[in-house]
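Structure first, then comments.
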Amino acid sequence: MNGEIDRSWRDPELLVKALPSVILQTAFFLAPLLMTVALTFQRTKNFQLTWTWSLDTWTDIFTKPHYWTILGHTLFMAITCVILCLVIAFPVAYALATRLRAFQDHVKVLITFAFLTDATLKTFGWVLFLDKNGAANYLLQQVGFPPATIDILFTDWATMLGMVYNLLSFAIFTIYLSIDAIDRSLILAAYDAGASKFRTFWEVTLPLARPGIWAASVLIFLLAVGVFLEPKVLGGGKSPMSAELIRQTFETRVNWPLGAALTLVLMTVAVFVVLLFNRVYSLKRHMGPV
Amino acid sequence: MAGEPILEIRDIRKNFGAYQALKGVSLSVQQGEFIALVGPSGCGKTTLLKQIAGFEEPDSGSLSIAGQPMLGVPAAARPTSMVFQKLALFPHMTVADNIGFPLKLRKVDPAIIAKRVEAMIELMQLKREYLTRYPRQLSGGEQQRVALARSMISEPKLLLLDEPLSALDVKLKKVLQAELKRLHRSVGVTFVHVTHDLEEAIMLADRICVMRSGEILQVGGPNDIYYRPADSFVAGFIGDTNLLAVTVKGNAVSAPGLTAADPTVPAQYVAPGLGDGPALLMVRPELITPLESGQVADFTIDVTITEIFCKGGTVQFRSNTEGGAPLIFELPGASKQPADIGDKLRLGFPKRDIYLFRERVAA
């Protein structure tokens with residue numbers, strides 16, 4: 001890990017080779033980011049951006065708890081979404097990779113179709129399904145339930161349902177791949193050494209699937225932090241999440257400096273959470289050096 | 001060696017759909033034996049090993065280890081231990097945890113596990129500092145030793161080896177073959193070694209069980225397999241050999257170009273149950289000698305040299321008999337070359353170096 005990499009920074013040949021990548025990263029990632037940072041120190045007047053340096057936006061953000069409530073709510077929803085996705089996806093992925101090998105291709109096609117269908121379409125589909133006079137309640141009423149048994153539309157429950165539904169396939173595929181990659185002879189070796197099925201799962205399958213679980217968690221967390229469709233369509237916009245707040249700030253309030261600042265806060269917090277999780281994970285990890 | 005066999009297999013059958021992987025296999029192995037299951041891929045040797053390990057259950061037949069019936073007993077509860085072809089070391093555990101895993105499952109005290117792991121490390125001639133390393137940080141040969149250590153730490157009654165050497169380069173293979181032999185001698189555990197390499201089997205095993213198409217063709221010591229093969233399949237499975245088509249009548253053999261003062265063959269050089277009719281006469285290339293004029297041999301045959309190969313220690317001559325049959329013979333590399341390509345030569349071999357058996361119709 002050391003030595004070679006240290007030297008490479010001083011190697012002019014390697015610097016030249018890295019140049020195209022450095023230019024691309026600078027142009028498309030670093031520059032917009034710096035512009036966003038610069039934007040937060042500007043003011044708006046009559047919905048117009050005025051190029052005057054000030055700390056107004058940041059003062060606003062750090063003094064109003066409103067933004068932080070929304071951010072806290074967003075993090076809570078995202079982390080809950082990650083946990084729910086893992087809990088649902090792991091058994092599905094495990095079954096796909098082990099028990100359902102015979103027809104796993106069919107199941108994968110079904111999941112892929114669900115995955116590829118446009119999220120907006122699926123989300124509005126849920127509205128039709130969950131509505132007081134929608135399909136779900138109609139069917140329940142037909143079998144004797146009182147009218148409007150399901151009344152979760154335009155609540156956080158509906159938002160969470162939509163988020164889990166839209167992000168679940170990411171978790172299933174990521175975890176499936178990690179379980180599928182486990183060498184079958186490792187499982188047999190554990191049985192052979194005297195391990196029960198549960199013990200084998202606990203000592204071999206689960207630790208080896210850990211990278212997949214970890215990747216799925218990060219992926220879903222980052223996607224979940226950025227959702228605005230589900231809280232708007234299924235949650236009815238009653239308790240907006242950060243992404244929706246940012247969209248409103250840019251589009252409705254036309255306050256670019258505030259929008260840029262909120263974006264930076266969300267990004268920083270999201271990265272911080274991922275790093276924190278990474279730290280905990282690597283402290284508890286059972287894997288050797290990769 | 002006598003006494004109750006450690007492993008007794010009776011008439012085991014295993015089908016996968018319409019495919020018969022094992023067509024009624026019976027085998028008994030004595031305590032402390034080193035037995036090799038040999039055959040080409042698809043012969044059922046690995047399937048048989050899986051039945052012994054308990055990874056699969058046969059459709060019919062019986063299997064007992066140390067007198068205990070084993071069918072229906074899961075792999076985890078059988079007194080067997082497998083060394084896998086791909087080694088199957090747990091990548092997320094250190095070498096020490098890998099080797100100690102079977103004992104950890106048996107709830108052995110951690111201090112005792114540590115002591116036993118160290119003893120295994122010593123037995124396998126591995127360095128102590130490897131204990132805290134992960135398998136992927138070790139070389140192929142070292143990983144092999146760790147896998148062996150893990151399999152032997154629980155003191156199994158049977159050590160099952162599923163071609164563990166097949167993925168290694170030739171040099172390392174030779175080292176580990178010697179290692180296996182040494183281990184077998186020093187621990188006295190019964191080894192069941194699956195390999196497609198008959199030469200490896202002959203080198204290592206006390207007894208060899210040659211399989212083909214789900215059946216056992218021959219079980220015997222290395223010399224039996226090499227010099228007295230049951231049929232042409234077993235004979236052709238190792239190295240180069242000569243199989244001359246001959247006709248047997250009474251006890252006498254005849255073939256075009258083959259001359260003998262007394263063509264009768266004593267019963268010990270004839271496969272049991274071989275009657276009159278067409279048969280194969282086997283003579284190993286290294287047992288044929290070129291004859292100077294005036295020299296005599298039990299059997300002589302005239303040939304024309306077609307190719308000469310240098311094999312390092314020996315020189316191999318390929319030739320055709322007057323009947324058109326190919327005949328190979330080998331001479332020590334240092335000896336004077338008796339002939340060149342195109343030369344005619346008289347070859348001879350003694351009766352005690354031949355073996356007569358029936359040809360096997362290809363399955």
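What to note about this one:
- Count of residues meeting criterion [in contact with a Leu (Cβ under 8 Å, 6 or more places away or on another chain), β-branched (Val, Ile, Thr) and closer than 15 Å to A:Phe62 by Cα] in region A:241-276: 2
- Check on B:Val95, out of contact with any Ser or Thr (no Cβ under 6 Å at 6 or more places or on another chain), under 29 Å from A:Arg210 (Cβ atoms) and either more than 9 Å from chain A (Cβ to nearest Cβ) or surrounded by fewer than 21 Cβ atoms within 10 Å (Cβ to Cβ) (or both): yes
- If you filter region A:176-220 down to residues that are outside any helix (DSSP H, G or I) and facing another protein chain (nearest Cβ under 9 Å), you find that the one that is surrounded by the fewest Cβ atoms within 10 Å (Cβ to Cβ) is A:Ser196.
- Residue match in region B:160-181 (condition: touching a residue at least 12 places away in the same chain (Cβ under 8 Å) and under 17 Å from B:Ile6 (Cα atoms)): yes
- Per-region count, region A:153-195, residues under 17 Å from A:Arg99 (Cβ atoms) and polar (S, T, N, Q): 1
- Within the set A:Pro207, A:Pro231, A:Pro240, A:Pro257, the sole residue that is touching a Lys or Arg at 6+ places or on another chain (Cβ under 7 Å) and either modelled with pLDDT of 90 or more or not assigned by TED's automatic domain parsing to the domain that holds A:Met35 (or both) turns out to be A:Pro257.
- The one condition in (1) farther than 30 Å from A:Leu266 by Cα; (2) within 14 Å of another protein chain (Cβ to nearest Cβ); (3) aliphatic (A, V, I, L, M) that A:Ala148 fails to fulfil: (2)
- Checking each residue in region B:310-321 for being part of a strand (DSSP E or B), under 25 Å from the mean Cα position of the chain (by Cα) and not β-branched (Val, Ile, Thr) picks out only B:Gln316.
- Check on A:Gly237, away from chain B (no Cβ under 14 Å) and either buried (at least 22 other Cβ atoms within 10 Å of the Cβ) or touching a helix residue (DSSP H, G or I) at 6+ places or on another chain (Cβ under 8 Å) (or both): yes
- Test for B:Ala66: is it more than 9 Å from chain A (Cβ to nearest Cβ) and under 20 Å from B:Met120 (Cβ atoms): no
- Comparison of B:Arg185, B:Arg106, B:Arg150 shows that the only residue that is touching a residue at least 40 places away in the same chain (Cβ under 8 Å) and surrounded by fewer than 15 Cβ atoms within 10 Å (Cβ to Cβ) is B:Arg106.
Yes or no, residue by residue, for (1) at pLDDT 90 or above; (2) buried (at least 16 other Cβ atoms within 10 Å of the Cβ); (3) under 17 Å from the mean Cα position of the chain (by Cα); (4) not assigned by TED's automatic domain parsing to the domain that holds A:Leu223:
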site	(1), (2), (3), (4)
A:Thr80	yes, no, yes, no
A:Val87	yes, no, yes, no
A:Ala93	yes, yes, no, no
A:Arg101	no, no, no, no
A:Leu140	no, no, no, no
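- Checking each residue in region B:307-321 for being without any contact (Cβ under 8 Å) to a residue 24 or more places away in the chain and either in contact with a Lys or Arg (Cβ under 9 Å, 6 or more places away or on another chain) or over 13 Å from B:Ile288 (Cβ atoms) (or both) picks out B:Phe309, B:Cys310, B:Lys311, B:Gly312, B:Gly313, B:Asn320.
- Some residue of region B:233-243 being among the charged types (D, E, K, R) and touching a helix residue (DSSP H, G or I) at 6+ places or on another chain (Cβ under 6 Å): yes
- Elements of type helices (runs of 4 or more DSSP H) in region B:135-238, at least 3 residues being away from chain A (no Cβ under 14 Å) and more than 30 Å from B:Ala119 (Cβ to Cβ): B:198-204, B:222-227, B:232-237
- Qualifying helices (runs of 4 or more DSSP H) (wholly inside region A:2-103; at least 2 residues being among the hydroxyl-bearing types (Ser, Thr, Tyr)): A:56-63, A:65-94
- B:Gly324 part of a loop (DSSP other than H, G, I, E, B), assigned by TED's automatic domain parsing to the domain that holds B:Thr247, without any contact (Cβ under 8 Å) to a residue 24 or more places away in the chain and over 26 Å from the mean Cα position of the chain (by Cα): yes
- Total residues in region B:30-46, condition more than 13 Å from B:Thr190 (Cβ to Cβ) and surrounded by fewer than 16 Cβ atoms within 10 Å (Cβ to Cβ): 3
- Residue selected from region A:143-175 under the condition at pLDDT 85 or above, farther than 15 Å from A:Gly235 by Cα and of a type in the set (S, T, N, Q), by the criterion surrounded by the most Cβ atoms within 10 Å (Cβ to Cβ): A:Thr174
- Residue-level check: of (1) surrounded by fewer than 17 Cβ atoms within 10 Å (Cβ to Cβ); (2) at positive phi, B:Ala88 misses just (1).
Residue-wise test of (1) within 12 Å of chain A (Cβ to nearest Cβ); (2) assigned to a helix (DSSP H, G or I).
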| position | (1), (2) |
| --- | --- |
| B:Ser81 | yes, no |
| B:Ala88 | yes, no |
| B:Pro102 | yes, yes |
| B:Lys107 | yes, no |
| B:Ala114 | no, yes |
| B:Glu118 | no, yes |
| B:Ile121 | no, yes |
| B:Gln125 | no, no |
| B:Glu129 | no, yes |
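- Single match in B:Leu71, B:Leu27, B:Leu49 (criterion: buried (at least 21 other Cβ atoms within 10 Å of the Cβ) and away from chain A (no Cβ under 14 Å)): B:Leu27
The values are calculated or read from the model by the stated rules, or taken from the named source; none is laboratory data. Remember, predicted model here, so these are calculated numbers, not experimental data. Methodologically, a virtual Cβ is constructed for each residue, glycine included, from the backbone with ideal geometry; neighbour enumeration extends over all protein chains shown.
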